[in-house]
Amino acid sequence: MNGQIIIVGLGAGDIDQLPLGVYRTLSSAAHVFLRTKEHPVVQELEREGMKYTSFDDIYEQNDQFEQVYEQIKNLLIAEAQNEEIVYAVPGHPLVAEKTVQLLLEEGPSNNITIKIGGGQSFIDALFTSVKADPIEGFQLLDGTDLHKNDLRSTQHLIIGQVYDAYVASDVKLTLMEKYPDNYEVVIVTAAGSNEENIKKVPLYELDRQVELNNLTSLYVPPMDKEQLKEFTVLRDIIAQLRGPNGCPWDKKQTHQSLKKYLIEESYELLEAIDEDDIDHMIEELGDVLLQVMLHSQIGEDEGMFSIDDVIENISEKMIRRHPHVFGDVQVSNEDDVVKNWNQIKSKEHGEVDQHDSITNHAGKGLPAIMRAYNLQKYAGKYGFDWKQAEETWKKVKEEIKEFEIEMKNGNKGDMLSEFGDLLFALINTARHLSIHPEEALERANQKFMRRFSYIEDQVVKSGGSFQDFTLEELDQFWNKAKIKGL
C-alpha cells in the first residue's frame, strides 16, 4: 500500500478565510501535522477538537532553515509510508512553502502520493489590505533569502517570512542598497483577518517593530522615479536613443563606425586606472559599458543578437572556465587556475594541428604593440622563444646596429622595416621581464605629459612664447621637472 500526504493551507488569518473543503479536511482528520502551530486558525480548530503535531521544536533545534525543511520533509515521508496523513501550512501550500516543494520532489520516489488540498494565499489579502493592483507588476520574495540583485524597485514588492527582528534587520539592510533609508514601507500582519494589522514605517525602523511574527509580510511600494542604477533602465535608454524618435547620431551608428570609440574609451579607462582615480574609473567604465550596450542594441535592431545573448555567452564561459569554483576541480594556486583556463580554452577552439595558424591567435584589431606581445607569447608556448631575457637583449643590440646602418643609407622603407624589428625585439625583452610594453609605454607617455606641462607653465609664467626659448633653455625646464619628481 502506498502512502499519501494531503497538504492544505491555513490561509493568512482567521478561520473565516478557510475554504469549506479545507475546513472539512482539517475537521475530519484523526490527526494533523502542522509546520507551525503559531497561527490563529490552529487555536480555533483546537477548540473544535482538532488533534495535531507541530514541528515548531525543529526550528529551535537547527540554525539553518534548509535543515529545518529537510527534517520536516523526512518526518512526513516516514509517517506517510503506509497511510494517509494531513499536513497543514500557513497560507496556500504552493506559495512560499519550501517543505511542500521538497515533498513534491521526493514524495513520489518514496512511493508517497502528494495531493494539494488548496487554501487561501496571503497575496490576495495583502494586496487588498494595501489597496494595490498586482497587474502593474509585482515580486514575491523570501525574507530569509533576499538578495539585492533580485529587487526591482519599479514594481510592487512583497517580502514574506519576515517573522522576527533578525530577519527584518537583514531585509532592511538589503533594501537599503536600493531604496532610501527613509523610504516608507508597510508591515502587514494577518492580512484580511479580524487581527489584521497594517503599519507604515520608514525603512530604517523596520527591525524595531516588536509585533513581527510568522503572519507578517512586508510590502514595498514601487518607486515613482526610475532608478538609474537598474540595468533595465539603461537598456531602455539605449533602445530609445536608437528608436524611431531617438537621437539622429545614435541611430546612424554601425558596428564599424563605433570601433574607434571603443578603443578610445578603453584607453581612457586605462588612464583612470593608472591615476587611481575612482570617480574617473566609474565614468570611464560607464563609457565602455555604453559601447557594449550600443553594439548590442544594433545587433538587436538587426535581429542578429541582443545584450541577453552577450550576457549568456560570458556567463557560460565563466562557469565553464572556472571548474574549481563551479565544479569539482581542485586547484592549489594561481598557476593551476591559468593552466586549467588555457587547457579549457584550447578544447573550446580545437587543438592546434597542421592546419592551424598563428594568424588565428594574433588578436585581430589590437594595437601593434599588444599584437606583437600576443604573437610572441603564442609562439613561446610551442618552444619558439629565447630562454633568458639576456638573450633577447642581445637581439635588441643587434637590431639597433642594423637600424643604424639603414639610417646612414637613408632608405626610408628599409628604416621602417628595421625600426619595426627593433621594436619587436624590445617588446620581447619586456615580455621576458614580465613587463607589459603597452603599460610601460603609457607610463612614459604620462611622464612626458607631466614634464612637458611643467615646461608649458614656465613659458606662460615668463610672459613669452616657446619661440623665445632655445632648446637648451627648454631642456633646463625639463630637468627641473625631473628633479621635482614629475
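The values are calculated or read from the model by the stated rules, or taken from the named source; none is laboratory data. Owing to the predicted nature of the structure, the values given are computational and were not obtained by experimental measurement. As a convention, Cβ positions derive from the backbone with ideal geometry for all residues, glycine included, and neighbour counts pool all protein chains shown. The protein model used for the area step is the full one, side chains on, heavy atoms only, and it has no ligands, DNA or RNA in it. Shrake-Rupley method; radii C 1.70, N 1.55, O 1.52, S 1.80 Å.
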For segment 203-246, which positions are surrounded by 13 or more Cβ atoms within 10 Å (Cβ to Cβ) and β-branched (Val, Ile, Thr)?
Thr216, Val220, Val233, Ile237, Ile238
If a residue has to be without any contact (Cβ under 8 Å) to a residue 40 or more places away in the chain, farther than 23 Å from Thr128 by Cβ and open to solvent by less than 50 Å² (accessible area, probe 1.4 Å) to count, how many in segment 177-202 make the cut?
1
Hey, does segment 94-110 have a residue that's over 21 Å from Gly3 (Cβ atoms), assigned to a loop (DSSP other than H, G, I, E, B) and touching a strand residue (DSSP E or B) at 6+ places or on another chain (Cβ under 7 Å)?
yes
Could you list, ordered by first residue, the pairs with Cβ atoms under 8 Å in which the first is in segment 275-297 and closer than 13 Å to Ile263 by Cα and the second is open to solvent by less than 20 Å² (accessible area, probe 1.4 Å) and β-branched (Val, Ile, Thr), at least 6 apart or interchain?
Leu290/Ile238; Val292/Ile307
Unmet criterion (only one of (1) basic (Lys, Arg); (2) within 26 Å of Arg24 (Cβ to Cβ); (3) under 32 Å from the mean Cα position of the chain (by Cα)) for Lys98:
(2)
If Asp353 satisfies every condition in (1) of a type outside the set (A, V, I, L, M); (2) modelled with pLDDT under 85; (3) in a helix (DSSP H, G or I) but one, which is the exception?
(3)
Ile400 - would you say it is touching a Leu at 6+ places or on another chain (Cβ under 9 Å) and not aromatic (Phe, Trp, Tyr)?
yes
Residue by residue through segment 149-166, note down the ones that are open to solvent by less than 10 Å² (accessible area, probe 1.4 Å), touching a Gly at 6+ places or on another chain (Cβ under 8 Å) and either of a type in the set (Gly, Ala, Ser) or under 20 Å from Glu60 (Cα atoms) (or both).
Gly160, Val162
Scan Leu426, Leu422 and give me the residue that is free of Cβ contacts under 8 Å to residues at least 40 places away in the same chain, touching a Pro at 6+ places or on another chain (Cβ under 8 Å) and either open to solvent by 80 Å² or more (accessible area, probe 1.4 Å) or not polar (S, T, N, Q) (or both).
Leu426
Just to be sure before I move on: is Ser121 modelled with pLDDT under 90, under 16 Å from Leu10 (Cα atoms) and among the hydroxyl-bearing types (Ser, Thr, Tyr) in the structure I sent?
yes
Filtering segment 72-118 down to residues that are under 22 Å from Gly13 (Cα atoms) and either of a type in the set (Asp, Glu) or open to solvent by 40 Å² or more (accessible area, probe 1.4 Å) (or both) yields His92, Leu94, Ala96, Glu97, Lys98, Ile116
If you take the residues in segment 235-264 that are part of a loop (DSSP other than H, G, I, E, B) and without any contact (Cβ under 8 Å) to a residue 24 or more places away in the chain, which one is nearest to the chain's Cα centre (by Cα)?
Gly243
Within segment 191-234, the residues that are of a type in the set (Val, Ile, Thr) and either in a loop (DSSP other than H, G, I, E, B) or within 15 Å of Tyr163 (Cα to Cα) (or both) are Ile198, Val210, Thr216
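Provide a single number: the residues in segment 374-407 that are outside any helix (DSSP H, G or I), of a type in the set (Phe, Trp, Tyr) and either under 14 Å from Ala430 (Cβ atoms) or open to solvent by less than 40 Å² (accessible area, probe 1.4 Å) (or both).
Total satisfying the criteria: 1.
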Could you grab me the full set of residues in segment 151-168 that are under 20 Å from Asp133 (Cβ atoms) and charged (D, E, K, R)?
Arg152
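Identify the residue in segment 43-77 that is in a helix (DSSP H, G or I) and aromatic (Phe, Trp, Tyr) and, among all such residues, is nearest to the chain's Cα centre (by Cα).
Checked segment 43-77; the qualifying residue nearest to the chain's Cα centre (by Cα) is Phe65.
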For Leu269, only one of the following conditions fails: (1) closer than 30 Å to Phe122 by Cα; (2) touching an Asp or Glu at 6+ places or on another chain (Cβ under 6 Å). What is its number?
(1)
Filtering segment 180-221 for residues that are charged (D, E, K, R), modelled with pLDDT of 90 or more and under 30 Å from the mean Cα position of the chain (by Cα) leaves a count of 3
Whichever residue in segment 7-39 is β-branched (Val, Ile, Thr) and under 19 Å from Tyr69 (Cβ atoms) and, among such residues, is surrounded by the most Cβ atoms within 10 Å (Cβ to Cβ)
Ile7
